[in-house]
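One structure is given below, encoded as C-alpha cells.
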Amino acid sequence: MAQNLIQPEPPQKLNCGGSLLDLSAPQVMGVLNITPDSFSDGGSYFRDNTLRLDKALARAEQMFVEGAAIIDVGGESTRPGAETVSEQEELDRVIPVIEAIAKNIPAIISVDTSSPQVMLDSAKVGAGLINDVRALTREGALLAAVKTGLPVCLMHMLKQPDTMQQAPIYQNVVTEIYSYLEARLLDCIGAGIAQEKLLVDPGIGFGKTLQHNLQLMSHLQVFSGLKAPLLIGVSRKSMIGQILDKPTEQRLYGSLAAATLAVAQGAKIIRCHDIAATLDAVRVASAITKAGSD
Ligand code: PT1
C-alpha cells in the first residue's frame, strides 16, 4: 500500500526543536488543556476568561516529574460537541503557557492546534512538536508547519468537533483511516516536511462510533505500514465510558487497559491524563512486547 513512503522503519529519535525524543521505547504525553470546556480538565487552567498560569505551570511540572516526556498544550477543546475558538483567543490561552513551561521545565512541549499562527508563535516560544487533530488541512497550516521545522502529528478526524459524532459512517474504518493518513503523509512530504518528522494518529473518538473505535483499537498493528511513529489518545474518552458505563473520573483502569493494548500493537506515544499510572502500564506492556519480538 505505502509504495511512496520510502522510509524503511519509523525513526527511533525525533528531533523536537533541538530536544531529542527517544522513541526506542514508548513514551507518555501529558494533557494540559488551557480551555474553559475540555471534557476532563476544562476550566482548571482557564476560567472566567482568565488564564491561570501558575496552576497550569504547576500541573505541567507535576506531569514531568511523574514521567511525561511530552506536555501537550491545547487552547481549543476538540471533544465531541465542542465549539470552535478564534485564533486570537487560542493564542492568548496557549502562548504564555508554552513560554512559561519552556523556561522552567525540561520537557518537550507539543502544541495541540490546527491554526497556522498558533503553530508559528508556539514554535518561537519553545514548542517542539505540532499536534494537529486536523492533520494540517486548515488553510495555511501546512506552510506554517514547514516553516517551523518541527515534527508534526497528523490525526484523523471525520468532520469537525461540533458535528463529528452525528452518525459517522465508514465502509471499513481501518482501511479508510489508513488511506487518509497515508495521503496526508504524502502531502506533507511533498510540501517539504521530512518523512522522519511525521507521526500519525487514527483519532480515537473523533467522528467514530464505539464499534469504530473498537475496530481501530484492535487493528493498530496495521498502521505500522505507514512507517511513522503511532500516537494514541484514549484516556478517559467516551469509548471507555460506554464500555464500562462510568463517568470520566472513573475511567482510569479502563484507560490503562486500552493504553496497554495500544503499546502491545506498536503505539509509541500514549496521550493521557494520569501520567504515573499510564507510564507503569506502558513500561510493562513494552517490556513484554519487546521480549516477544526478541
Ligand atoms: C488524540 C487527541 C488529541 N484527543 C491527538 N490529539 C483529544 N493527537 C485532543 C470522547 O469520546 O486522541 N490524539 N487532542 C481530545 N479529544 C476528545 C475526543 C476527547 C473524544 C474526548 C472524546 O470522550
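Sparsely packed loop sites in region 79-181 (the trypsin sites (Lys or Arg not before Pro) outside DSSP H, G, I, E and B with at most 16 other Cβ atoms within 10 Å) comprise R138, K159. For region 40-147, applying the loop criterion from DSSP together with a ceiling of 13 other beta carbons within 10 Å to the GluC sites (Glu not before Pro) yields E83, E139.
Distance between the C-alpha centres of region 219-282 and region 113-166: 22 Å, rounded to the whole angstrom. Normalised by 2.2 N^0.38 Å, where N counts its residues, the alpha-carbon radius of gyration of the chain equals 0.91.
Every Cα-Cα pair of region 9-160 was included, and the share exceeding 21 Å stands at 40 percent. Our note on the geometry: Cα centres of region 69-86 and region 168-194, 22 Å apart. Descending by average beta-carbon neighbour count within 10 Å, the peptides 228-237, 48-57, 24-33, 271-280 line up as 228-237, 24-33, 271-280, 48-57, the highest first. Distance between the pseudo-spin-label points of E83 and Y253 (7 Å out from Cα toward the beta carbon): 3.8 nm.
Using every pair of distinct Cα positions in region 133-215, the Kirkwood expression returns a hydrodynamic radius of 13.3 angstrom. In plain terms, the chain from E66 to S24 could stretch by 13.2 nm, reckoned as 0.36 nm per residue minus the Cα-Cα distance. Within the same chain, lysines fewer than 8 places from K103 are excluded, and of the rest, those with a Cα less than 18 Å from its Cα are K55, K124. Listed values for region 105-111 are Karplus-derived 3J(HN,Hα) couplings in whole Hz (6.51 cos²θ - 1.76 cosθ + 1.60, θ = phi - 60°), namely 10, x, 9, 7, 9, 10, 10, and x replaces Gly and Pro.
FYI, it's all coordinate maths here, none of it is from the lab. What you see is a predicted model; the values in this text were computed from it and never measured. Cβ coordinates were reconstructed from backbone atoms using ideal geometry, including for glycine residues, and neighbour counts include every protein chain displayed.
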